[in-house]
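Step one of this worksheet: look at the structure below.
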Amino acid sequence: MIILDTSAATALTQGHVALHRLVDNVAHTPGDWLHVPALCLMRAEEADEGAASKLLALPGVLVDPLGQTAATLVGGMVRDGWGGADTCHAIYIATPHLETGGMSIILTGREDDYPPGFLAIDINAPGMLGFY
């Protein structure tokens, strides 16, 4: 599973070329999705008016809701100092669950926000997901 955090989601709405190529590839791959945690979508819209509309208009983008279990666990992570609510929601989504299976990739412009054990890739890293 590929997750876009707030910084990646915002970069995508601002024309990040590699992320747009990724969206195009995902849109042409049946059953594949780019996941945007709901709190990341909220923060992107908070920072840049219209960002949510732009993201929701893209093919292959799926917003992961903040259900009651997620809200409880994300709140605990924030309280325990894991980061802001959006970062913690991305961590929650990236944590392997019965439905998702293996390791997830978090695409981000803030790699250092994520603890060891999570695969966070900088969206501006050379060769990010094979794009230059």
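Some observations on this one:
- Segments classed as helices (runs of 4 or more DSSP H), wholly inside the stretch 1-83, with at least 1 members that are modelled with pLDDT of 95 or more: 6-13, 38-47, 51-56, 68-79
- When the stretch 14-61 is limited to residues that are farther than 17 Å from Ile123 by Cα and charged (D, E, K, R), the one that is most open to solvent (accessible area, probe 1.4 Å) turns out to be Glu49.
- Asp86 charged (D, E, K, R) and within 15 Å of Met1 (Cα to Cα): no
The values are calculated or read from the model by the stated rules, or taken from the named source; none is laboratory data. Because the structure is a prediction, the values reported are computed rather than measured. Accessible surface areas use protein heavy atoms only, side chains included; no ligands, DNA or RNA. Shrake-Rupley method; radii C 1.70, N 1.55, O 1.52, S 1.80 Å.
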